[in-house]
Every structure is written in structure tokens, then in C-alpha cells.
Amino acid sequence: MINFENTTALITGASSGIGKAFAETLAANGANVILVARSKGKLDSLAAAIRKKHRVAADVIVADLTKEKAPDAVFAKVRRLRRQLDILVNNAGFGTYGRFHDLPTDDDHKEIMLNVVALVRLTHLFLPGMARRGDGIIMNVGSAAAFQPAPFMAVYGASKAFVLSFSEALWAEYRSHGVRVLAVCPGPTETNFFKVAGNGDATPGRKRTVENVIATALRGLERGKSYVVDGRLIYLGTLSVRLAPRGIVAKSAARIMAPKQRGRK
């Protein structure tokens, strides 16, 4: 079992959903937490609740990680806290949904800055210390969408494919240095993700809970996996699309994901 007692974990996107659940679970297991997101009020409330319930340190860093210099500012603030970072959870991310030419260019740019650029930069900043010490954990929250093209969520799917490939490469590169790297790939989960993306009608069926996702992630970490997919049926789906011709997979996904209210052109 991994011992989280007296470690320090930084979680991005910690104000809600999977990020909040990561923060609460790690704190419950004895980790001090550094909570990063844009919503100061939500972060302050969560930090106060964690301190009271779990008797660990909980610090807040307000940052908009879609901004180019934000990861460096986060790193500087962690250094001012005089904390050795043992665990990095790159969870912050969002998706855009719709026909590519209809989506605002600025939104897609922010999506890439958050889902890809900030994740890579934070890893660049915090991983060297872990490698020098021969100990550390990096969990990058990807998506089951990483395993196939995602029509009508093209930028999101591509960004998560990057996260998966990046994480697997670092897993192979740093496993001999004592650093565990894991890509956590949830399927549809009970968070506000779909409300923000605007594609609730494209995700029928029962969704997994954030607790399911965290449990899957921690099991994968214990087993030394490079990636995990939450949910048995979702996992089997990711295996099946690897065997099918990519064109067929993309066309099938387009039929499922097409905006119902606009029809098809």
C-alpha cells in the first residue's frame, strides 16, 4: 500500500468534481494538500473543511491555468510555502462541444492551454525534484476519449490523446527513477463537465461517480500501471476501438456524438 501520510499533494482543478474528490481522498489518507483552481471561494471552503476534518495542512493557490505564465506562478507559490511536492495531480481541464467551425477559436485555444500546455509545464517544473529524490507521483487526468477520434469534441479528444501518450512515455522513462506516472482515463462521470461542454444529450446512460474514478486511480497506482480506464464496460470499449479500422470508429463516433438539435449536414 502507498503511504500518503505526511506527503504533500498539489491538485489542479480542485474546486469541484474529480479534483475535489482527489483532494478529499488524499487528505483523508494523511496527505497535506495544495488546492489550485480559479474559484477562490470554493477553494477556501474546501481547504477549511479539509483542515477541520482531516487535521492536515490545506493551502490555496488561485490561478487561471489557461494563461501562459500561470504554471510558473503556481510553482513559485509552492516554493514560498516551503513545501516539498510529493504528488502532482494534473486534473484541470474542460471540453468544447459542437461542429468545429462553429466553436469560438478562443475557447479551443484555452482548452489546449489548460489540457495540454499547463499540464506539461507543471510536470516540467515539479518532476525534476521527484526524480532527484527517487520518489514521487504524477497523476494526469485524461479521458476514455483519448483512445479514439472524438467528432464534435475534436480538440478535447486530441488533447486527451496527448495526455495519454505523454503519461505513458513518462511512465516508461521515469519508473526506474522512483517516480510513478499514471494517466487516469474516466468515461462519463457525474461532474459538471458535460454542463460546461454543452453535450449532455450525447452521453446517455448511467454515469460513474467521482469516488469510482478515485478508487480506480489509486488501484492503478498501487499496481504500477501506466494508465487506467474507469469502469469495466468503458475499458472494454477502449480495447474494441483499437481493433477496429479507425475510419469506421470515427464515423460511428460521429453518429453518436452529433448535436441532436442541429441534425446532420
Condition broken by F4, with the remaining ones in (1) part of a strand (DSSP E or B); (2) closer than 21 Å to A217 by Cα; (3) out of contact with any Phe, Trp or Tyr (no Cβ under 6 Å at 6 or more places or on another chain) satisfied: (1)
Set A73, A23: member being among the small types (G, A, S), in a helix (DSSP H, G or I) and more than 17 Å from the chain's Cα centre (by Cα): A73
Any hit, region 7-21, residues being over 26 Å from C185 (Cα atoms) and out of contact with any helix residue (DSSP H, G or I) (no Cβ under 7 Å at 6 or more places or on another chain): no
Residues of region 80-130 satisfying the condition of being touching a strand residue (DSSP E or B) at 6+ places or on another chain (Cβ under 7 Å) and either free of Cβ contacts under 8 Å to residues at least 24 places away in the same chain or of a type in the set (D, E) (or both): D86
All positions within region 214-252 that are hydrophobic (A, V, I, L, M, F, W, C), at pLDDT 95 or above and not in a strand (DSSP E or B): I214, A215, A217, L218, L221
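Residue-by-condition table, conditions (1) in a helix (DSSP H, G or I); (2) of a type in the set (V, I, T):
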| position | (1), (2) |
| --- | --- |
| G30 | no, no |
| V33 | no, yes |
| I50 | yes, yes |
| V56 | no, yes |
| I61 | no, yes |
| T66 | no, yes |
| K77 | yes, no |
| F94 | no, no |
Whichever residue in region 83-111 is closer than 20 Å to E5 by Cα and at pLDDT 95 or above and, among such residues, is surrounded by the fewest Cβ atoms within 10 Å (Cβ to Cβ): Q84
Members of region 89-106 found to be of a type in the set (A, V, I, L, M) and closer than 27 Å to K20 by Cα, listed by number: V89, A92
Filtered residues of region 96-126 (kept if among the small types (G, A, S) and either under 20 Å from N32 (Cβ atoms) or assigned to a loop (DSSP other than H, G, I, E, B) (or both)): G98
Residue match in region 163-183 (condition: hydroxyl-bearing (S, T, Y), closer than 19 Å to R242 by Cβ and crowded, with 21+ Cβ neighbours inside 10 Å): yes
Hey, R255 of a type in the set (K, R), modelled with pLDDT under 95 and surrounded by fewer than 19 Cβ atoms within 10 Å (Cβ to Cβ) or not: yes
Every residue from region 127-145 that is assigned to a helix (DSSP H, G or I) and out of contact with any Ser or Thr (no Cβ under 8 Å at 6 or more places or on another chain): L127, P128, G129, M130, A131, R132, R133, A145
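The values are calculated or read from the model by the stated rules, or taken from the named source; none is laboratory data. As the structure is a prediction and not an experimental result, all values here were calculated from the model. Cβ: placed from backbone, ideal geometry, glycine included. Neighbour counts: every protein chain shown.
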